[in-house]
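See structure below.
The values are calculated or read from the model by the stated rules, or taken from the named source; none is laboratory data. Nothing here was measured: the structure is a model prediction, and the numbers come from that model. Note: ideal-geometry Cβ built from the backbone for every residue, glycine included; neighbour counts use all protein chains shown. The area values use the complete protein model at the heavy-atom level, side chains included, leaving out ligands, DNA and RNA. Shrake-Rupley method; radii C 1.70, N 1.55, O 1.52, S 1.80 Å.
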Amino acid sequence: EEPAYRPVFTHQIFDGEFIPGWRPLQSAEAESKDIYAKWKSDGNSRVLHSSYENITNNSAAVAINRIEIRADIAPSCEECMVMIKTEREPATKRRKVVSFGADDGNSIEEAAPMPIEEIIRRISKALPPLSAIKVNGQDQSDLLRDLLSHGSSFEASKDVSRVYLQSPVGKDIYTYLRGIKWQGTISRHGSLELPKFVLSMADGSDEGVADFHNKVQGLARWFIESADGIDLTDTSNGRWKVVYLFRNHNSTQENGPLLEFVGYATLLAVTSPFRKPKPGTILRICQVVIRPPYHRAGHGSTILQQIHNYANSTQGCEQIVEVNVEDPAPSYQIMRNGVDYGRFVALRAGAKSQPYQSQSLQETAALQNFSYVEKYDVTEKEYYTVSDEDLWAVAEQLKITKRQSHIVLEISKLAEIERWKKQQTSTTEGTSFREVETNYRLMIKKSLRQYRLEELGACEGGKDGQKALLGQWFEETIAQYRKILKSEQ
């Protein structure tokens, strides 16, 4: 059974990330205390998140009602069922607030709880269409009809857990096998096999695509801090495409596929006739959502690689010259760096196969000559100078931004330095090692200063503060680069 998961963000649904007048169930509060206690490192005695305390904008009022909300989402992600459980705090456990009124005694002002109807109305904006609502085990058919009267009606299923897609949305572009940490392998006919996943690409203007996307994109509000809804039919700023990820629960040909929605990546294709050094179409990755049970399994890297493969397969007026990412999260940026560096290594070696490319979607036929990368030795100062010509050569070949090509070359140079270190004998250590490390550190800091100039300028503490901040950025950068190199081994 797929494990349950909690949202990361709720501020787009409930201001302040709490439901006025309600506290979580005691079991949920205890779980939060345990998690928060593990995070705590500043010696603060408070281990309960501030959003759990009082649960009201009025500091003199206390929430004595408890609530649990569970959404069972169909594998197709086309509908879901919401179940709500409520409890009232026993009088003996209620927190007392001292009153300085006329009665001069211990009293309590109960925070007015947000109505259940309003709670459901809000969460429905970030869920697939509701097919059933239960409050304390009782069906709320009247409330469901009221919600549907304000939106599009549909025929609900009796059991959402059995609602799968029979075919992917869009055109299949890639199929692969991948393990799942919480499930492992599947036994079939005495043999073990990994779960099968399917990637498809859909055009926002194709029939049925926008309708399906409107059902699934609300989930992004729980996991992306500033997620916005997208109208795939709006072409005023470019042409929308979506890469969808599905898990096929029926890997045999019997009865056809049973597809579970796993995630998506939205792409905006923008024509840039004045782009330098080469005009063409820029493909911007806007939102990437993977459902939590499938996190940390490499699906994001696979999606990004297939997007690049698609970019390399386009021709003519639709020729894509660059793939970039809109405001990537730090974790996504690290993953992006790893994918771009892996593609760079594969191109240098002239590789044309997995793991960085598929047989059907290959890199451009003519490989760029990367001999300039090896023009100087790591002991020469010229090795640590990266010209604009070199940067644009890498950017054009990999179809990435200039900044990303800078990162790729920095990782490549670090790999060369690490190889050089291993080849040295004890008699050649000392000054040479220090000079190489110093030159590399200065190169990275120069790059950081160039691309993060605004952040550096806002640093308090003058030159000393900026120097300390640059040092911190360097340590973070070198740690990320070494992690990428370790994963490539």
Length gained if Glu1 through Thr385 is fully extended, taking 0.36 nm per residue and subtracting the Cα-Cα distance, is 132.9 nm
Accessible-area order for Trp392, Trp22, largest to smallest, probe 1.4 angstrom, reads Trp392, Trp22
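Between Ile478 and Ser27, what FRET efficiency follows from the Cβ-Cβ distance if R0 is 45 Å, with the result rounded to 0.05?
Numbers: r = 43 Å, r/R0 = 0.95.
With a Förster radius of 45 Å, E is 0.60.
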Ordered by number, the GluC sites (Glu not before Pro) in the stretch 290-344 that occupy a DSSP loop and have at most 12 other Cβ atoms within 10 Å are Glu326
Using the Kirkwood radius over Cα pairs of the stretch 390-489, the Stokes-Einstein translational diffusion coefficient at 4 °C and 1.567 mPa s, in µm²/s and rounded to a whole number, is 85
Too long for a 31 Å Cα-Cα cut-off, among Lys38/Lys463; Lys278/Lys421; Lys196/Lys486; Lys278/Lys445, are Lys38/Lys463; Lys278/Lys421
Extend 7 Å from the Cα of Asn324 along its Cα-to-C-beta direction; within the stretch 430-473, residues with backbone N under 13 Å of that point are none
